[in-house]
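Let me begin by presenting the structure, written as structure tokens, before commenting on it.
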Amino acid sequence: MKKKVEMMFKKFLEEQKRMIGSDVDVSQIEMGSVSEKCPFCLSESSYDYQYDAYYCEKCNIWLEPKCEGDSCKFCKNRPLRPL
């Protein structure tokens, strides 16, 4: 299960990477690290209480993927970009 979650996280980061045109190697990014800083620009990450997720203000991207199902009250209405 942990391996599947890590793979989903890396896939999500690859999507975010393409969105902002970064060349960062996402294979080296650990899941817990995004709560401290953006792996792409290294700015301090911010937390959105409405959507229960970390994001980067500078890159305007989420740093955590949505939940898989539509039943999560935080994720189901989360916009593509945080700002």
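Every number in this text was worked out from the coordinates using simple rules, so none of it is lab data. Nothing here was measured: the structure is a model prediction, and the numbers come from that model. Because the Cβ atoms are built from the backbone with ideal geometry, glycine has one as well, and the counts that use them run over all protein chains shown.
Neighbour counts of C-beta atoms inside 10 Å place 24, 5 in the sequence 5, 24, starting with the fewest. Remark: the chain carries a charge dipole of roughly 280 debye about the Cα centre, counting +1 on each Lys and Arg Cβ and -1 on each Asp and Glu Cβ.
List, in the order given, every pair from 2/76; 3/66; 10/73 whose Cα-Cα distance in the structure shown is over 21 Å. Result: 2/76; 10/73 exceed 21 Å. Just to verify a number: FRET efficiency for residue 37 and residue 11, C-beta to C-beta distance, R0 = 25 Å, to 0.05? That gives a FRET efficiency of 0.75. Among the GluC sites (Glu not before Pro) found in region 26-55, those both in a DSSP coil and sparsely packed, with 12 or fewer other Cβ atoms within 10 Å of their Cβ, are 30, 36.
Both numbers refer to the Cα atoms of the chain; Rg and Dmax are 12.1, 34 Å.
For region 1-44, a crude dipole built from +1 on the beta carbon of Lys and Arg and -1 on the beta carbon of Asp and Glu, taken about the Cα centre, is about 280 debye to the nearest 20.
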